[in-house]
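Have a look at the structure below before the remarks.
The values are calculated or read from the model by the stated rules, or taken from the named source; none is laboratory data. Computed from a predicted model, the values in this text were never measured in an experiment. Because the Cβ atoms are built from the backbone with ideal geometry, glycine has one as well, and the counts that use them run over all protein chains shown.
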Amino acid sequence: MEIIHISAECYPVAKVGGLADVVGVLSNYQYKRGHSVKVVIPCYETEFIQKNEFETVFWSQVQLGQFHFPFSVLKGINNDLGFDLYLIAIPELFDRADIYGYKDDIERFLAFQKAFLDWLATRKELPEVINCHDHHTSLIPFMMTYGRQYEKLKEIPTLLIVHNALYQGQFGFDKLNYFPDYDLYKTHILEWGGCINSLAVGLKCARAITTVSPNYLNEINDSGNGLEILFNQVRYKSKGILNGIDNETWNPENDSKIEFNYSIKNHHIGKQKNKEKLCDLFDLDPNKPLFSFVGRLFEEKGIDLLCEFLKKTTKENARKINILILGSGNKEIEDQLSKLLTEFKGNYNVYIGFNEDLAHLIYAGSDFLLIPSRMESCGLNQMYAYRYGAIPVVRSTGGLKDTVVDISEDGCGICFDQATVTDIEIAIGRAVILYKDQEKVNSIIKSGMMLDYSWENAYQEYLKMYNLIIK
């Protein structure tokens, strides 16, 4: 079948977080299994886009109220991604360094969605399914169903994947004139909480909904950032499907991004060599247990709790371990992490920014991976950690609860329940005690490396959903 994924991100073209990884790998997986797969994202100023060649396949202008923006649809010429890549170039809105964070983000992504539909409506052959991702594309089902200029697209089934319900794309009714012409009696569909809520619109109008883990679907029915009632109302057409990881890209046996390749048979040698390289880069002691954090530096990830843990802990306790942090995000949190460098020199370090190569080395060289998230819809880091023989230390929430079982229950991780400094401190203390028993550590690592979190199960579940909504 022909599947179009429309998203704000896709790895390796443009990435901020796990959304990009999921779109890139799921599309590749579907393509390899014989489907015609297209991924459509905005044309940003990223290194990947600047280095690759594209051809223009469509051009027009998109209207937002009184504003008209010229746009073009670009197709990747060299297809080595495992799917067909299309970029929607709207120079006035997307020729910028960052993907998000601008005052006109509502206008940017509304124009992106309308431009996509304008192009799609000119095609002779239409796709079997359109797969929308998060609020940046969740107005598409409404516009396809009720937009008069998109009557041709009305019967194409849409699936909305909710990666993160925290961000919903709300804006005021003063921007109602940005929408294509539609029956104004349908305006109530756009409203939730006194404003236009993009994610809520998608939940109402998409033919089916999935979340990126089963437990996250359960959680947002009780705590959905103001959408609890709606999530319960659409539960009949919703399913939680656990994300997977790309076992080819994330494979310590042939990963060119790490210092020393290894398998489950020689993981203790391989991990030690990678740990020594990592500790040499960041002035840490390879003889101490290394705890690492990889991710966006926002409160939802619990990174502020790690800051508080470091401030609270005594220097004597801090010297028993190493902590390494990789990420970017909240400027205040970035500054706090940087200020801690002088106080815990030799036992702590931080890299502010995104570095894919370094992330691979951190998974390969770390003893434990810290994931103290307040909210985690699925999480991929714990799966990468298993694959590379790092033991995840996680707060049991969302997809982390689906994938990490505590060592006290014969699992391969260390879990805690509350997003508090005290719970983190206890969990790290348990890990330090575990580290002293290397025989047990090696047994846990082997069990974790044997876990299968490939995309095969998720692929089959998505295929069932597609077939269901097509029928």
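Brief remarks on what is shown
- The set of residues from segment 175-198 being over 23 Å from Phe69 (Cβ atoms) and in a helix (DSSP H, G or I) comprises Leu184, Tyr185, Lys186, Thr187, His188, Ile189.
- Selection count, segment 135-144, where residues are hydroxyl-bearing (Ser, Thr, Tyr) and touching a Phe, Trp or Tyr at 6+ places or on another chain (Cβ under 9 Å): 1
- Residues in segment 80-90 that are in contact (Cβ under 8 Å) with a residue 12 or more places away in the chain and more than 12 Å from Val62 (Cα to Cα): Leu81, Gly82, Phe83, Asp84, Leu85, Tyr86, Leu87.
- Among the residues of segment 115-134, at least one is at positive phi, in contact with a helix residue (DSSP H, G or I) (Cβ under 9 Å, 6 or more places away or on another chain) and at pLDDT 95 or above.
- Any hit, segment 126-143, residues being over 22 Å from Asp21 (Cβ atoms) and without any contact (Cβ under 8 Å) to a residue 24 or more places away in the chain: no
- Residue that is surrounded by 14 or more Cβ atoms within 10 Å (Cβ to Cβ) and more than 22 Å from Ala200 (Cα to Cα), where the choices are Asp84, Asp95: Asp84
- None of Ile371, Ile352, Ile362 is in contact (Cβ under 8 Å) with a residue 12 or more places away in the chain, assigned by TED's automatic domain parsing to the domain that holds Lys440 and under 18 Å from Pro252 (Cβ atoms) except Ile362.
- Checked across segment 286-304, the condition of being in contact with a Leu (Cβ under 6 Å, 6 or more places away or on another chain), buried (at least 22 other Cβ atoms within 10 Å of the Cβ), of a type in the set (Val, Ile, Thr) and farther than 30 Å from Ser443 by Cβ holds for at least one residue.
- Given (1) modelled with pLDDT of 95 or more; (2) under 30 Å from Lys464 (Cβ atoms); (3) within 22 Å of the chain's Cα centre (by Cα), number of the condition Asp21 does not satisfy: (1)
- Filtered residues of segment 354-378 (kept if surrounded by fewer than 22 Cβ atoms within 10 Å (Cβ to Cβ), closer than 17 Å to Val16 by Cβ and touching a strand residue (DSSP E or B) at 6+ places or on another chain (Cβ under 8 Å)): Phe354, Asn355, Leu358, Ala359
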